[in-house]
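A short write-up of the structure that comes next.
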Amino acid sequence: MTEQLPSKVDMEKIVSLCRRRGFIFPSSEIYGGLSSCWDYGPLGVELKRNIKEAWWRAVVQERDDIVGMDTSILMHPHIWAASGHLESFADPLVECKNCHLRWRVDELQGNNCPSCGGELTEPRMFNLMFKTFMGPVEEEANVVYLRPETAQGMFVNFQNVLNTTRKRLPFGIAQIGKTFRNEITTGNFIFRSREFEQMEIEFFVKPGTDEEWFNYWLQERLNWYLKLGIKKENLQLRQHTKGELAHYARACDDIDYLFPMGWSELEGIANRGDFDLVQHAKYSGKSLDYFDEETKEHFIPYIIEPSAGVDRSALAFLCDAYAEEPDKEEIRVLLHLHPSLAPIKIAVLPLSRRENLVKLAKEVYADLRRHWMVGYDDAQSIGRRYRRQDEIGTPFCVTIDFQSLEDEQVTIRDRDTMNQIRLPIAELKGTLQAKLEGESLFVLPPGGKIWKEEKSG
Ligand code: GAP
């Protein structure tokens with residue numbers, strides 16, 4: 001067990017910001033909520049879309065050895081027998097004989113109920129898959145399950161992908177999708193919920209090369225988080241002990257993040273060996289082996305699986321980006337989100353609601369919106385508007401003032417440094433594009449000038 005160091009970020013502050021600014025709401029809130037289910041609001045849905053987009057770009061678009069899929073959530077029930085989920089995807093559970101609350105045995109500190117101190121029952125295995133029925137008759141023969149991982153959809157399509165893409169080993173299949181687990185202990189906001197999204201890669205390799213590929217994917221996935229701005233000191237690799245390994249895994253390392261409640265799993269990278277393809281070949285009666293044209297051998301590939309959670313990633317990116325800075329008498333709250341993850345890239349702020357100024361601001365707003373998610377705010381002082389954008393992580397504000405009407409120039413203000421530059425409207429799109437891609441704010445376009453924002457309340 002890793003030492004539980006206190007994180008610098010308070011979970012309550014993250015939950016409150018998410019609620020207040022429309023990132024994340026409790027599901028079914030007007031009915032009192034539904035335990036461990038969450039709704040992503042206007043900003044949350046953009047953050048999630050951006051995380052998924054960044055992942056897809058890194059693992060599918062920019063590589064020539066991985067293809068994407070989108071498989072169904074409901075699958076043939078034999079899949080869960082073959083995968084071992086019917087038998088092994090279960091947690092040992094005890095019930096309090098007094099208050100009837102249920103607890104996971106592996107999370108209990110003592111021998112009695114943590115809530116009332118009552119006596120506990122003997123452990124019983126509790127399967128985490130959600131069950132439902134296919135068709136109108138609710139009988140055992142019609143039972144289907146909501147998938148507890150996206151992985152199986154890719155394993156059972158291994159031959160389809162091989163035959164239609166003509167990919168050769170090593171190659172992978174990637175998928176993003178909803179996953180359901182009837183978790184016993186939930187909590188810590190979106191960290192562990194009952195409905196969540198996964199981003200999974202199943203990377204098929206020749207046996208014998210699996211360790212090399214396992215190490216490759218550990219580094220590759222760690223670098224993905226680092227490139228998107230997660231601080232190095234908040235990430236660590238943790239090797240699973242033999243006793244901890246899932247039933248399918250030969251080896252597994254977690255990428256842990258220092259969440260507010262301590263170091264916890266952000267992503268798992270497993271060496272699944274040939275377990276899945278062997279099992280599906282056995283249960284389906286279809287061959288899932290691979291013919292190596294160079295060596296003329298038939299064999300079952302091994303699988304390396306980097307498996308990440310979209311929701312856990314969102315929580316990690318939010319926690320890592322959260323900062324509070326003194327600002328005169330007040331505190332400036334900001335999210336240092338990487339520009340590619342920020343829900344809103346640019347906010348257009350007219351200095352006043354005067355008709356001629358609004359007309360120009362709306363033109364700029366309409367033009368920029370063709371390229372990015374852009375906000376528009378004309379309420380209250382310009383200082384307050386900057387702070388509102390800082391709090392949701394908007395990297396750039398474009399301010400339009402009376403001078404703009406005469407010289408056709410506007411101001412760009414940078415979230416992190418609060419530096420400002422003034423530049424011709426004609427240069428705006430190209431400059432923002434360059435800045436969103438990480439170019440220095442000090443590279444000025446023709447006719448531009450630079451200064452620093454006065455701190456304000
Ligand atoms: N196919 C392998 C697999 O599903 P896992 O470690 O059970 O492995 C992979 O899950 C990732 O899915 C985790 O690292 C985490 O990011 C996410 N995840 C798992 N259970 C979750 C839950 N109840 N709520 C939110 N995310 C979860």
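The values are calculated or read from the model by the stated rules, or taken from the named source; none is laboratory data. Since we're looking at a predicted model, the values are computed, not measured. In this analysis, Cβ positions are derived from the backbone assuming ideal geometry, glycine residues included, and neighbour counts consider all displayed protein chains. Side chains included, ligands, DNA and RNA excluded: accessible areas come from the protein's heavy atoms. Shrake-Rupley method; radii C 1.70, N 1.55, O 1.52, S 1.80 Å.
Here are the numbers for the structure shown:
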item	result
For peptides 135-145, 161-171, 382-392, sequence by mean Cβ density within 10 Å, most packed first	382-392, 161-171, 135-145
Prolate/oblate/rounded call for the stretch 178-232, Cα gyration tensor, a/c under 1.5 rounded	oblate
Solvent-accessible area, 1.4 Å probe, carbon plus sulfur percent, for the stretch 260-339	50 percent
Trypsin sites (Lys or Arg not before Pro) restricted to the stretch 63-164 and DSSP loop, no more than 12 other C-beta within 10 Å	97
Ratio Rg/Rh, restricted to the stretch 291-393 and using Cα atoms, in which Rh is the Kirkwood radius	1.32
Distant alpha-carbon pairs in the stretch 104-151 (separation over 18 angstrom), percent	56 percent
Non-local Lys pairs in the stretch 127-231, i.e. 8 or more apart or on different chains, that have alpha carbons under 30 Å apart	8
Nearest-ten-degree value, helix 11-21 long axis tilted from longest Cα axis of the chain	60 degrees
Relative contact order (%) - criterion: Cα under 8 Å, at least six apart; region: the chain	13 percent
Mean Cβ neighbour count within 10 Å, used as a protection proxy, ranking 172-179, 354-361 highest first	172-179, 354-361
Reference-scaled alpha-carbon Rg (2.2 N^0.38 Å with N residues) for the chain	1.14
Degrees separating the helix 42-56 axis from the principal Cα axis of the chain, which is the longest one	60 degrees
Whether the stretch 100-224 is rounded, prolate or oblate, judged on the alpha carbon gyration tensor where a/c under 1.5 counts as rounded	oblate
C-alpha long axis of helix 310-321 to longest principal axis of the chain, angle in °	40 degrees
Cβ-based charge dipole, the stretch 240-340, positive-most Cα from 271, 241, 300	300
Accessible area per residue in Å² at 1.4 Å probe, computed on the chain	49 Å²
Backbone HN-Hα couplings from phi across the stretch 63-72 [Karplus 6.51/-1.76/1.60, Hz, Gly and Pro as x]	10, 10, 10, 9, 10, x, 8, 9, 9, 6
Rounded to the nearest 20 debye, dipole of the chain from Cβ charges on Lys, Arg, Asp, Glu	1120 debye
Beta bridges per DSSP with both ends in the stretch 61-183, % antiparallel, nearest 5	75 percent
Intensity falloff of the stretch 350-399 expressed as log10 I(q)/I(0), Debye formula with alpha-carbon point scatterers, at q = 0.24, 0.31, 0.33 Å⁻¹	-0.97, -1.27, -1.30
The stretch 78-130-the stretch 336-403 distance, computed between alpha-carbon centres (Å)	51 Å
